[in-house]
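Asker: Take this structure, written in structure tokens, and hold onto it; I'll ask about it next.
The values are calculated or read from the model by the stated rules, or taken from the named source; none is laboratory data. Note that the structure is predicted; figures quoted are calculated from it, not measured. Note: ideal-geometry Cβ built from the backbone for every residue, glycine included; neighbour counts use all protein chains shown.
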């Protein structure tokens, strides 16, 4: 296992995020030697800052503006849009993303009789920050946002989520957000690997890494590794139907972690795409076989549900 972690931590990701400045890496190198506690304080603020992902923030062609909606938790506002009528399907974007990134699902899900709800996670796009400074958030706050949306707008017929959004959705349903099924595209894997990659990118070693981990546990209020989907699966009283769609080329979220999730989540299914390359983590959101797999899995809205909504 140690060898696997070392080989995986050498990955630098897709290149969507800019490289870390050499000055920052040198500073972390010095802090690793002489002041690891100071380095850990700096590292946690960087960890909790979503990157600016260079992808369109507009809905795909043919998707008009939806009805503005919102939800709140502990006074924090989450902004979103909805389209159509029927049982709700929620779209949850990834770290550094926005609600438009899953916009390709809007029209086919509405045509299938669903109400589609897409929203921005805390400190992303139009949503307010949570308890941290503006521009910062955590996986636990993102899970709170998912739970707040479902609590406000109704039990989920399905939740479609990408990357960190999949972690947030899993934590939300484990804490009681009602949902029938989950469809995860390139879900974020275990945080142990991300800690290693983060340390490699920023040029620090075990002392700051371990301090960062301890600080994250305190900031989240739960152990960081308890938010890993493979761990969340063990806490579900009634495991939900789960589909994972992932590409082995993905350098930003390990395909092996999706295999592990399917191995511990009863009844889960893994659909493997092929050949999406170094940008697989984001290309999967526009890859027609991946999209169709999720749409087929969700299917049409149950007739009884559609009729009830129409009558109301």
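Asker: Given the criteria more than 22 Å from residue 93 (Cα to Cα) and at pLDDT 95 or above, does residue 226 qualify?
Answerer: no
Asker: Considering segment 152-172 alone, what residues qualify as being part of a helix (DSSP H, G or I), buried (at least 24 other Cβ atoms within 10 Å of the Cβ) and in contact (Cβ under 8 Å) with a residue 40 or more places away in the chain?
Answerer: 164, 165, 166, 167, 168, 169, 170, 171
Conditions (1) assigned by the TED database to the domain that holds residue 38; (2) assigned to a loop (DSSP other than H, G, I, E, B); (3) touching a strand residue (DSSP E or B) at 6+ places or on another chain (Cβ under 6 Å), marked per residue:
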| residue | (1), (2), (3) |
| --- | --- |
| 239 | no, yes, no |
| 248 | no, yes, no |
| 251 | no, yes, no |
| 259 | no, no, no |
| 266 | no, yes, no |
| 270 | no, no, yes |
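Asker: Also, quick follow-up: Please indicate, with yes or no, whether at least one residue in segment 179-190 is part of a strand (DSSP E or B) and surrounded by fewer than 24 Cβ atoms within 10 Å (Cβ to Cβ).
Answerer: Within segment 179-190 (the criterion being part of a strand (DSSP E or B) and surrounded by fewer than 24 Cβ atoms within 10 Å (Cβ to Cβ)), the answer is yes, since at least one residue qualifies.
Asker: I'd like to check something: does segment 226-233 contain any residue that is farther than 30 Å from residue 133 by Cβ and either touching a residue at least 60 places away in the same chain (Cβ under 8 Å) or crowded, with 16+ Cβ neighbours inside 10 Å (or both)?
Answerer: Within segment 226-233, one or more residues are farther than 30 Å from residue 133 by Cβ and either touching a residue at least 60 places away in the same chain (Cβ under 8 Å) or crowded, with 16+ Cβ neighbours inside 10 Å (or both).
Asker: For residue 94, are the conditions met, namely being surrounded by fewer than 23 Cβ atoms within 10 Å (Cβ to Cβ) and touching a residue at least 60 places away in the same chain (Cβ under 8 Å)?
Answerer: Answer is no for this residue.
Asker: Here are some conditions: (1) buried (at least 19 other Cβ atoms within 10 Å of the Cβ); (2) without any contact (Cβ under 8 Å) to a residue 40 or more places away in the chain; (3) out of contact with any helix residue (DSSP H, G or I) (no Cβ under 7 Å at 6 or more places or on another chain). Residue 61 meets all but one. Which one does it not meet?
Answerer: (1)
Asker: Among residues belonging to segment 272-281 that are in contact with a helix residue (DSSP H, G or I) (Cβ under 8 Å, 6 or more places away or on another chain) and surrounded by 20 or more Cβ atoms within 10 Å (Cβ to Cβ), point out the one that is farthest from residue 115 (Cα to Cα).
Answerer: Here the residue is 276.
Asker: Further, regarding this structure: Could you check, for segment 197-208, whether at least one of its residues is under 13 Å from residue 166 (Cβ atoms) and at pLDDT 95 or above?
Answerer: no
Asker: All but one of (1) more than 20 Å from residue 97 (Cα to Cα); (2) surrounded by 15 or more Cβ atoms within 10 Å (Cβ to Cβ); (3) assigned by the TED database to the domain that holds residue 94; (4) in contact (Cβ under 8 Å) with a residue 24 or more places away in the chain hold for residue 291, so report the exception by its number.
Answerer: (1)
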